[in-house]
Each structure stands twice: as structure tokens, then as C-alpha cells.
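This report concerns only the one structure given below.
What follows is calculated from the coordinates using simple rules that are stated; it is not laboratory data. Nothing here was measured: the structure is a model prediction, and the numbers come from that model. When we count neighbours, we look across all protein chains shown, and the Cβ atoms used for this are built from the backbone with ideal geometry, even at glycine.
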Amino acid sequence: MASIDFTKVRVLDRVLKQGFLPRRPEYREVVAAVCYRHKSNGAVEFLLVRTRTGRWTFPKGGVDGDPSAAAAAAREAYEEAGVRGRVEPLAFTCYLHSKNRDAHTVDAHLCEVLHLDAPRESYRTPRWFSAEKAKQRLREERPAPYAAELERVVDNAVLRVANRHS
């Protein structure tokens, strides 16, 4: 039995109270790699990938026999974006995600990109974006509650990266 993560409970309760979800989602352990790099001017950029339907997102997927959630995030970053990098062992935030009308929380791990290879999934087309442009791309074709969740992830990542490198 999984332990209760009260941060996830708060995220779910907030969205349920808004009436966006008809019921509490089933538990499934899903992780995202919030991949970033520093530009020479000190700005932070985020690497997003495309879904099969063409929306921009963070590399993410289930923890499928991986030794840890961070290892799963590293695997997803490599498979979907060709990223080799440093993944933080603990998630810095979680967010609500919906796929095929099934909502679940996603634990987001920061991943500092050290090297990029071609992704295993060629349709992903990884691309770098500034924080503001990443938020804009993540809002596209998403209902407002989910778009707000992804914007919050980018904002939290910017703060976390700034604190790590100060």
C-alpha cells in the first residue's frame, strides 16, 4: 500500500472542489522530468516534448519496475527527449494531469540536462523554451485547471533552480 502524500491530496481536493473532476482518480505512480539548462546569460530554459496529439508536455510516464521514482524520471527523459542529465532524487512538486478522461497526480523531478541524444520516440521533437514560452506552450489546448497546474510547475522549477544555483 502506498503512503499518503498530503501534497497530492491537496492538489486533488483543490481540483475536485472546482468541480472539474467528477470523482477522485485512481492511484497510479507517474513521474515527470522537468528538464532544464542554463543559457550563457543566466536564463533558464525548459525542454518540452510533443505528445502523439501534438501538445507540448514534460517527459513523463509510470514507474514501471524502476528502482526509484527519480530513476523512472531519468528513463522517461531519455526515452522521450534523448536527455542524459542529473535528476533530483526527490520530486520538487506534484501536479494534476489528465489523459483520456483519467486524472492522476504526477511527481515532478528536476533534471539538469548535460547531454542530448536523439529521442527514442521520434515524434516527440524536443524543443527548448524560455520559462514564459514554456508556460504558453503548456497552456495550449488544455482545460484551464490543467494549464494552471503546468504553469505552477514551471514557476516552482524556476524558483528551485535559482535557489540551487545561488
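If you stretched the chain out fully between ASP64 and ASN41, how much longer would it get, using 0.36 nm times the residue separation minus the C-alpha to C-alpha distance? Can you show the working numbers first?
Numbers: separation 23, 0.36 × 23 = 8.28 nm, distance 3.82 nm.
Difference between extended and current length: 4.5 nm.
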Task: 15 Å reach of a label modelled at LYS99, 7 Å along Cα-to-Cβ, counting backbone N of the range 62-92 - done: 62-65, 72-81
TODO: Please give, to one decimal in nm, the separation of the simple spin-label points placed at ARG52 and ASP155, each 7 Å out from Cα toward the Cβ.
DONE: 3.3 nm
